[in-house]
1. For segment 236-279, just the Cα set please: Rg and Dmax, both in angstrom.
2. Can you pull the one-decimal nm distance between simple spin-label points at residue 121 and residue 11, each 7 Å off the Cα toward Cβ?
3. Give me the Kirkwood hydrodynamic radius of segment 1-108 in Å, from all C-alpha pairs, to one decimal place?
4. Nothing charged except the Cβ atoms of Lys and Arg (+1) and of Asp and Glu (-1): what's the magnitude of the dipole of segment 27-198 about its Cα centre? Round to the nearest 20 debye.
5. What FRET efficiency comes out for residue 133 versus residue 332 if R0 is 41 angstrom and r is the Cβ-Cβ distance? Round to the nearest 0.05.
6. Report the Stokes-Einstein translational diffusion coefficient (µm² s⁻¹, integer) for the chain, Rh taken as the Kirkwood radius over Cα pairs, at 10 °C with viscosity 1.306 mPa s.
7. Treat every Asp and Glu Cβ in segment 236-279 as -1 and every Lys and Arg Cβ as +1, leave all other atoms uncharged, and give the resulting dipole magnitude about the Cα centre to the nearest 20 debye.
8. Give me the distance between the Cα centres of segment 218-238 and segment 153-185, rounded to whole Å.
Amino acid sequence: MAALPEPKHATVHKIFDARARTADDEHRPHLGASIIGRKCERRLWLTFRWARAEKFPGRVLRLFERGQMEESRWWADLRRIGVQVHEFDPAGNQWRIAFAGGHGGGSMDAAVVGVPEAPKTWHVAEVKTHNAKSFADLEKKGVKASKPEHWAQMQVYMERTGMDRALYCATNKDTDDLYTERVEHDPVEAKRLIARAERIVNAPEPPLRISADPSWYECKLCHFAPLCHGNELPGVNCRTCAHSTPVVVDGADHGLWDCAAHGRQEIPVQWQRSGCDKHRYIPAFLEKVAQQCDVRGDDVVYRTPEGQEFVNGTAPGAMTSAEMLSVNDATRLAFAASCKVELAREGLDPKVVG
């Protein structure tokens, strides 16, 4: 029998697959300035709480990289016309911006001076790429109306650096046309955005949904829809745990987390990613199937609308968070828990309930 031919475009598929396999897809430690302008506060909270990991296909990862590569082209072009481009802060480090007690942050692309429209004014410089449709909308409406998340990002950067102008540098990926816009600092809006970040960081439970309708276009396209509107459970890590609380310290350059279960006031980020056997889900994550009705020591007791109880914990018959995640369907939890209770009565207590 003749060997089957390689699938068409096998090289391309392998390149994309390799990028996806080797991608750094760990959660960001901070709430990014690049997303603080998004409409849905619940989405921002779920992002900050590491509720659901987002994995991108290789093609999209390559697209992200193209946006990063565009920065060096802009710097070269700006220097060619006499603009001074400072890619690093005075200490020689990447420009880092922190807010909300270090739980919010961002990496500024550069600071520039010598812009032809205002040669003596320092500007925050932000580089973005667009497809032709997005670029045309940007030219027609301006960055605030066309790309409000980008506008919000620059407002936070200006607020934190003390600069009162930003230079938005956009590239049309389809034609290589360029667009620049000088953006004025809006201190009222900048402070509102930072206060919004602090509110999200301090919220012990998820804010209201942007819509109660799962078919609403912003919800339907959202990465968190299976969790927010569906029955999926969040990942097991310190940020989805009821024991952990973000600590907001004014002026801090990184966010601190307190763990009531272990009595720690600073949980290292790598520990946050894996959690521990004391993990107990924030009860709001189970709102679709049951309500918290009791606490027994370190265990949390839930009751379904039908009156059935189940326990998130380590006592006989209880389910650890890892076991609950292995079920990964809120509507099946009560059934899985009842099965485990029966097994416990018979002297059996499996580590994983499927």
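Each reported figure results from applying straightforward, stated rules to the coordinates on display, with no laboratory input. Just so it is clear, the structure is predicted and the values come from calculations on it, not from any experiment. Here the Cβ is made from the backbone with ideal geometry for all residues, glycine too, and neighbour counts use every protein chain on show.
1. Taking only Cα atoms of segment 236-279, I get Rg and Dmax of 10.1, 33 Å.
2. Result for the modelled spin labels: 4.9 nm.
3. The Cα-based Kirkwood calculation yields 17.6 Å.
4. Roughly 720 debye for segment 27-198.
5. Values: r = 43 Å, r/R0 = 1.04.
Approximately 0.45, to the nearest 0.05.
6. Result for D is 69 µm²/s.
7. Values: 4 positive and 5 negative charges, 45 e Å.
I would put it at about 220 debye.
8. 32 Å
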